[in-house]
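Data block below; observations after.
The values are calculated or read from the model by the stated rules, or taken from the named source; none is laboratory data. It should be emphasised that the depicted structure is a prediction, and the values quoted were computed from it without experimental measurement. Using ideal geometry, Cβ is built from the backbone for each residue, glycine included, and neighbour counts are taken over all protein chains shown. With ligands, DNA and RNA removed, areas are computed over all heavy atoms of the protein, side chains included. Shrake-Rupley method; radii C 1.70, N 1.55, O 1.52, S 1.80 Å.
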Amino acid sequence: MHNPRQLAFQALIDIQRRGTFTDIALDRVLRDTSLSSADRGLATELVYGSVRRQRTLDSLIDQLGKKKAHQQPPELRTILHIGLYQLRYQKHIPARAAVNTTVELAKENGFKGLAGVVNGLLRQYERLATASTVSNPSISPEPQNPQSNDPLQLPTEPVERLGVSHSFPDWMIQMWQEQLGLDETEQLCAWLNQTPTIDLRVNPMRVSIEEVEVAMQSTGVEVRRIPQLPQALRVMGGAGNIQQLPGFREGWWTVQDSSAQLVSHLLNPQAGEVVIDACAAPGGKTTHIAELMGDQGTIWACDRAASRLKKLQENTQRLQLQSIQICTGDSRHFSQFTDSANRVLLDAPCSGLGTLHRRPDIRWRVTPATVQELSVLQGELLEQAATWVKPEGILVYATCTLHPLENEGVIQSFLERHSEWQIRPPAPDSALAAFSTPQGWLKVWPHRYQMDGFFMVQLAHCP
């Protein structure tokens, strides 16, 4: 039987040394193990939590250790992260167990001589946390008051305080604060640190939403409908292996977050039309478009990543859809589609800042320079995709980020260059109107709507 903490350590070292994405590193260590579901859950929580809370955990090491976090041997720093994460955020794990297992982890991984350092630092945190709880029983894991007795002493500068408390880079906090203000930025940060939910999109060509609900309930899986989305079900609580749920193999449903489902509804494809999905892989929106069209018409699914298009083909086969055609390559160079499509979807490559709860490492990978580079790519893709749309046709631009440079900035710049295009807001009686802004685009803030962050806009070609 493998040790979940040791497996978590191995995954975190893979992330640290090789820059491996969190989900891939975790999958590697769990793939051939015989862990119980509870131990798999613990390993998963320790990996995602340690990556997500990295800045907060480093700040604790800085304050409690004789050496700062960046001065610690990298693997020892990771071990301390695992221990501190359990003490601070895993209240169901007894403090004694968290400390002892972390000390053992240090001994087993080449730090026997520093086991006393690990023990001392974690016990110091435990003592301070116990004292602060006694003096302030209502203390939360992320104290609002920087003067509280929490072991984590927070900076007084507001942006830096939120960055340390919620574990985000300062530039990200600053960018959100300029859009939302400090109070709502803190709500957003807290939301993005939650464990993500799983949403399903029911395939109406195979089954009704009522039938899926009954099938799920028969196996003890609770699902809940989502307002504004007629095909969406949210899985409540643990679902285990998603591919083992009823209806997966039969193509009754696919996994897709609610906000991503909104995009295809905004595109509003009609049966018999020609539709192009400019950046289609792995195909969630492409297959949704096919379902909304009753699988009647032609959908060109374009992407430069042939490996990710394989996933689209697998889903197309499982969902039993016939109308999707694959086109591999860089959409910026496709001139063969000029004036050929009734509707075009550009779900552009982006920084992914609306999905930070699912992909915690993004917060440490993305920089302002990354965002700048992406905005240039997005503008180039939009210029080309616009040439594919027939007169009177529709183009939808969408991203899963919350950065204005990749969203509002790209659209405003495009419209300044192209007077023949204009924003078409959703109809006031549309379910999409709930997300609409005065400018006519849709912005999904996760903490307001309980779904991934998204930006989307429908543009009408009016030559």
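Please pick out the residue among L262, L266, L233 that is open to solvent by less than 10 Å² (accessible area, probe 1.4 Å), touching a Pro at 6+ places or on another chain (Cβ under 9 Å) and at pLDDT 95 or above. I'd like the intermediate steps shown before the answer.
Details: L262 fails: touching a Pro at 6+ places or on another chain (Cβ under 9 Å); L233 fails: touching a Pro at 6+ places or on another chain (Cβ under 9 Å).
Of the residues listed, the single one that is open to solvent by less than 10 Å² (accessible area, probe 1.4 Å), touching a Pro at 6+ places or on another chain (Cβ under 9 Å) and at pLDDT 95 or above is L266.
Pairs, please: C-beta under 7 Å, at least 6 apart or cross-chain, first residue in contact (Cβ under 8 Å) with a residue 24 or more places away in the chain and in region 236-257, second of a type in the set (S, T, Y) and part of a helix (DSSP H, G or I)?
Sorted first by the residue in region 236-257, then by its partner, the pairs are G240/S37; T254/T287.
Residues to consider are R358, R365, R424; find the one that is surrounded by fewer than 22 Cβ atoms within 10 Å (Cβ to Cβ) and in contact with a strand residue (DSSP E or B) (Cβ under 6 Å, 6 or more places away or on another chain). Explain how you work it out, then say what you get.
Details: R358 fails: in contact with a strand residue (DSSP E or B) (Cβ under 6 Å, 6 or more places away or on another chain); R365 fails: in contact with a strand residue (DSSP E or B) (Cβ under 6 Å, 6 or more places away or on another chain).
After applying the criteria, what remains is R424.
Please find, among I82, I24, the residue that is modelled with pLDDT under 95 and closer than 17 Å to P360 by Cα.
Details: I82 fails: modelled with pLDDT under 95.
From the options I82, I24, the qualifying one is I24.
Quick one: which helices (runs of 4 or more DSSP H) lie wholly within region 161-254 and hold at least 2 residues that are within 30 Å of P151 (Cα to Cα)? Spell out the reasoning first.
Numbers: elements: 170-180, 182-192, 209-218.
Counting at least 2 such residues, we get 170-180, 182-192.
Can you name every residue in region 22-45 that is buried (at least 17 other Cβ atoms within 10 Å of the Cβ) and not small (G, A, S)?
Of all residues in region 22-45, those buried (at least 17 other Cβ atoms within 10 Å of the Cβ) come to 22, 25-26, 29-30, 35, 39-40, 42-45.
Correct list: T22, L26, V29, L30, L35, D39, R40, L42, T44, E45.
Table: residues versus (1) more than 22 Å from the chain's Cα centre (by Cα); (2) aromatic (F, W, Y); (3) modelled with pLDDT of 95 or more.
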site	(1), (2), (3)
I242	no, no, no
E250	yes, no, no
Q270	yes, no, yes
A280	no, no, no
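For (1) crowded, with 18+ Cβ neighbours inside 10 Å; (2) touching a helix residue (DSSP H, G or I) at 6+ places or on another chain (Cβ under 7 Å), each residue gets a yes or a no:
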site: L188; (1), (2): yes, yes
site: Q194; (1), (2): no, no
site: V212; (1), (2): yes, no
site: A215; (1), (2): yes, no
site: L229; (1), (2): yes, yes
site: G238; (1), (2): no, no
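Can you say whether E222 is open to solvent by 10 Å² or more (accessible area, probe 1.4 Å), touching a Gly at 6+ places or on another chain (Cβ under 8 Å) and either over 26 Å from T437 (Cα atoms) or of a type in the set (A, V, I, L, M) (or both), as far as the supplied structure shows? Spell out how you get there, then give the answer.
On the way: open to solvent by 10 Å² or more (accessible area, probe 1.4 Å): yes; touching a Gly at 6+ places or on another chain (Cβ under 8 Å): yes; either over 26 Å from T437 (Cα atoms) or of a type in the set (A, V, I, L, M) (or both): yes.
Answer is yes for this residue.
Go through Q313, Q317 for me and flag whichever is open to solvent by 10 Å² or more (accessible area, probe 1.4 Å), free of Cβ contacts under 8 Å to residues at least 40 places away in the same chain and under 25 Å from the mean Cα position of the chain (by Cα). I'd like the intermediate steps shown before the answer.
Details: Q317 fails: under 25 Å from the mean Cα position of the chain (by Cα).
Result: Q313 is the single residue among Q313, Q317 that is open to solvent by 10 Å² or more (accessible area, probe 1.4 Å), free of Cβ contacts under 8 Å to residues at least 40 places away in the same chain and under 25 Å from the mean Cα position of the chain (by Cα).
Could you look through region 427-463, keep only residues that are among the charged types (D, E, K, R) and closer than 14 Å to Q261 by Cα, and pick out the one that is surrounded by the fewest Cβ atoms within 10 Å (Cβ to Cβ)?
Kept after step one, since they are among the charged types (D, E, K, R), are these residues of region 427-463: 429, 443, 448, 452.
Subset that is closer than 14 Å to Q261 by Cα: 443, 452.
Numbers: K443: 21, D452: 25.
This residue is K443.
Looking only at residues in region 46-74 that are open to solvent by less than 40 Å² (accessible area, probe 1.4 Å) and at pLDDT below 95, which one is farthest from A190 (Cα to Cα)?
This residue is Q72.
Checking P446 against (1) within 22 Å of the chain's Cα centre (by Cα); (2) closer than 23 Å to E392 by Cα, which test does it fail?
P446 satisfies every listed condition except (2).
Residue under question is T401, and the condition is that it be polar (S, T, N, Q), without any contact (Cβ under 8 Å) to a residue 60 or more places away in the chain, open to solvent by less than 40 Å² (accessible area, probe 1.4 Å) and touching a Ser or Thr at 6+ places or on another chain (Cβ under 6 Å); does it hold? Lay out the reasoning, then the answer.
Details: polar (S, T, N, Q): yes; without any contact (Cβ under 8 Å) to a residue 60 or more places away in the chain: yes; open to solvent by less than 40 Å² (accessible area, probe 1.4 Å): yes; touching a Ser or Thr at 6+ places or on another chain (Cβ under 6 Å): yes.
Spelling it out, T401 is indeed polar (S, T, N, Q), without any contact (Cβ under 8 Å) to a residue 60 or more places away in the chain, open to solvent by less than 40 Å² (accessible area, probe 1.4 Å) and touching a Ser or Thr at 6+ places or on another chain (Cβ under 6 Å).
Yes or no: W300 over 23 Å from S436 (Cα atoms), out of contact with any Cys (no Cβ under 6 Å at 6 or more places or on another chain) and among the aromatic types (F, W, Y)?
On the way: over 23 Å from S436 (Cα atoms): yes; out of contact with any Cys (no Cβ under 6 Å at 6 or more places or on another chain): no; among the aromatic types (F, W, Y): yes.
It is false that W300 is over 23 Å from S436 (Cα atoms), out of contact with any Cys (no Cβ under 6 Å at 6 or more places or on another chain) and among the aromatic types (F, W, Y).
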